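Just so it is clear, none of the values below were taken in a lab; they were calculated from the coordinates. For clarity, every value in this text was computed on a predicted model and none was experimentally measured. Please note: Cβ atoms are built from the backbone with ideal geometry, for glycine as well, and neighbour counts cover all protein chains shown.
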Amino acid sequence: PMVQQQQQPSLVLQALALITAITSTLSSSSLAAAQSCLPTDPMAVAARSVLIYGGRGALGAHCVQHFRSNNYTVVSVDLSANDQATANVVLDPKDSLETQSSKTLAAVEKA
């Protein structure tokens with residue numbers, strides 16, 4: 001339990017590094033560099049899960065695929081399901097942001 005708490009912040013920082021690298025430029029070399037900062041040893045982190053908004057889009061689908069290939073539990077949030085994700089939250093664009101948020105939180109709790 002104590003080890004998990006110490007490792008979680010590093011996961012957040014690694015995910016932020018990946019997001020920053022991807023959003024700053026979409027070149028393949030930047031994506032490869034961002035991916036290299038993620039842990040690949042399955043024993044490195046006890047609880048490995050990630051929530052990806054836009055998990056069905058071009059960039060989100062690649063993120064889902066990458067995290068799943070590295071043994072992460074992946075919850076994809078989008079307007080349609082991503083079959084590679086562990087779990088999906090399919091939102092209706094007609095719903096209010098509050099309703100979408102509630103649906104997302106409920107699905108994450110189940111995953």
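Here the spin labels are modelled as points 7 Å beyond Cα on the Cα-Cβ line, and at S69 and K94 they lie 3.9 nm apart.
Show me the trypsin sites (Lys or Arg not before Pro) within the stretch 64-111 that DSSP assigns to loop and that have at most 11 other Cβ atoms within 10 Å of their Cβ. Loop-located and lightly packed - K94.
Between the amide H of V77 and those of I52, Y53, G54, G55, V89, distances stay under 5 Å, these residues lying 5 or more places away or on another chain, with hydrogens modeled in the peptide plane. 3J(HN,Hα) along the stretch 73-89, derived from phi through the Karplus expression 6.51 cos²θ - 1.76 cosθ + 1.60 where θ = phi - 60°, amounts to 7, 10, 10, 9, 10, 6, 7, 9, 6, 10, 5, 7, 6, 5, 9, 10, 10 Hz, with x in place of Gly and Pro. A dipole drawn for the stretch 51-100 from +1 and -1 charges on Cβ atoms has a positive end, and of H66, Q84, L97 the residue lying farthest that way is H66.
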